1. Within the stretch 337-359, track down each residue that is touching a Ser or Thr at 6+ places or on another chain (Cβ under 7 Å) and at pLDDT below 95.
2. Just for the stretch 244-285: of the residues that are modelled with pLDDT under 90 and among the charged types (D, E, K, R), which one is surrounded by the most Cβ atoms within 10 Å (Cβ to Cβ)?
3. Out of the stretch 338-359, which residues are in a helix (DSSP H, G or I) and β-branched (Val, Ile, Thr)?
4. Would you confirm, using the coordinates I've provided, whether Thr387 is more than 31 Å from the chain's Cα centre (by Cα), farther than 15 Å from Phe439 by Cβ and at pLDDT 85 or above?
5. Within the stretch 209-225, how many residues are within 22 Å of the chain's Cα centre (by Cα) and buried (at least 21 other Cβ atoms within 10 Å of the Cβ)?
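The values are calculated or read from the model by the stated rules, or taken from the named source; none is laboratory data. No experiment lies behind these values; they were computed from the predicted model shown. Counting neighbours? That spans all protein chains shown, and the Cβs are built from the backbone with ideal geometry, glycine included.
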Amino acid sequence: MAVLCSRCRGDSDAADEQEVTCVMLEGNGCSACVERAAIRDKIKRLEEELIKLEAKYHALGTTMNAIHDPFIHKFPPEIGSYIFHLGLPQLNLEPIFPERDRTVFFRVLRLGAVCRKWRQLAWATPNLWEILSIVPPLERMHNVARSWPGLINEWLGRSGELPLTISFAYNQNEFDDPEEFDGALERIIEVLTLHSSRWRNLRLYVDPRTLERLSGSMHLSQLLRLHILVYAAEPSSLSTQKIVMKSRPFPTFLRLENLSPKSIDIGWNNITTASLSMLTTDECAEVFRRAPALEHFHLDEFPYSDGSIAHVNSFIIHPRIRSLNLPIEARDFLNMINVPFLEEWTQHVNGDTFLVTAMVSLLQRSSCCLKILNLQDITPSQNQLVTLFQATPFLERLEMHFRRHNVAVYDILVRIFDSPPDQYSSHDSFLPRVQFLEFRGPWRVAPFSWDRIPDLYRLGHRCSLTLKSVINASETSDETAMELLKLVDHEGAKFLISDIGGGNFLGNLRKRIGREGR
C-alpha cells in the first residue's frame, strides 16, 4: 500500500514548514512530488537571477544619471555643493505641522541616490546636513527603530562643526505600542545630545516624558531659537513639570506651547521675541520684568481658570517693546503696562467694550507712534472704533476682521476719505497717515458693499490709499464693477479685491470683457 506525502495529502501548512520526502512502496516518489521539486529548483534559480538583474538595473541607473548630468560633474566641487544647497527646502522655523518637515529629511538623501559622484559630493558638503528634522511615522516602526539611530548619527557626523537646526516631533500617545520605539528613542536622544552644544535652532513637538528625557542631557550654549510644544491632555497636568538642562541657554527667540515659562530654566536677558500661551496676567507681567530686551510679545490665550485681577502700584514700563499680539482676555494686562515705543499691535477684540477702553488708555498713556493695527473678531460699535482710531494719529496700516457684515466699515471709510491727509499728523484729521486698509469678514462674507466706494475715491482726498477686501461678484452690479475697474486702470486707484467665489475680482472682470469683445 502506498504512503502519501504531506503534499499529496494536501497538508500545505506542513509542506511549507519543511521538505518531506515522498516514498512509495516501490522506493520512488510520486510524479506530482517530482514535478513540484523541479519547479521549486527552477524558482530558486530564477529568484537568484532576479536579484542579480535588480542589482545590475540599479547600477545602470546610477551610470545613466551620471551620463545624463551635463553640469554637476563638470563644475568645481564648491559650485556643485552650492547648487545642491540651493535646491534643498529650508526648514520653516515658524509654527507648522511637523510632518511637512519630512521633505528636508528625504531630499538630502535623494541627492546621494542619483549617482556615485553626486553621493560623494553630497557626503562631503557639511551645510547639506546642518538641518535635521525627525518625525517618526506612525507605521513601520520596526524599520524606524532599527535604522534611524545609525542614520541620524551619520547625518550629524557629516555636518562637521557647523551650527545645527534640529526639529524633533514625537508623541508616544499616538502610537499603539510606544515601547516598540522606546529603545530606539533612547539611542536617538543619545546621538542628538552628543551634538547639542552645536544646536542653534531647536524645535520640539513632544510629550512630557520625552521632553524630560531630552532636557537632562542637553548642552545648549549656542542656542538662539527655542520652540517647545508639549502634547498633553490637560495643560494643568504640566504645571509641575520642571525642565532643567545641563547648561542654561540664553535664546533670543522663545516659543512655548502648553508649557509655562516657570517650568523651564533659561536666561531671559537676550530674548527679543517671546510667543507664549496659557499665561496668567501676573505671569505676563513677570515676563515683561524678566526680559529687558524683549521687542515682540505674542500671547495665544489666557487660561480659562484665570479669574483673578492683578493689582499693581505702578505701571510696568518696557522701553523695547515694538509689537504686541494679544488675546481677548488681555484687558487687565493692558491696564498694567506702558509701552512708549509700540509700533505694531494685533488685538483680538470680540465685543468687549472694556477692552477697547483699555486699548485707548494704553495708547494715551504710552504716547507711542503706533503704525500698524490689526483688530480681530470685531463687534464693537462705530463710536468705540472711532474713539480708538482717534488715539492712533500715526497709523499707516489698518487691518480689521469683522465677525459679520458691519455697517461701521463704510462710516469709517467716509471719515477717512472726508479727511485730507496731513503729513504733520494733526490730531484733528482722522487717520491722516494711513496708506493701507484691509477689511475681512467671516468666511465667504463681504464685510461691506462696494457700491459707494467709487464716489469716495473721487473725492480726491485719499486716492493714493490702498484698499483690500473681498466682494460678492454675484451681488455686485455691472455698473459698480466697471466703475471700480475704471478707477484702477485709468485713475490710479489701488484696489486689491478678491471674489468670495474665488479668484481676483478685477482680473476675472478683465478676462470676461476680453472674451465678450472678441
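1. Asn350, Gly351
2. Step by step, filter the stretch 244-285, then rank; the result is Glu283.
3. Taking the stretch 338-359 first, the residues in a helix (DSSP H, G or I) are 353-359.
Hits for the stretch 338-359 are Thr353, Val356, Thr357.
4. Against the criterion (more than 31 Å from the chain's Cα centre (by Cα), farther than 15 Å from Phe439 by Cβ and at pLDDT 85 or above), Thr387 qualifies.
5. Qualifying residue count, the stretch 209-225: 3.
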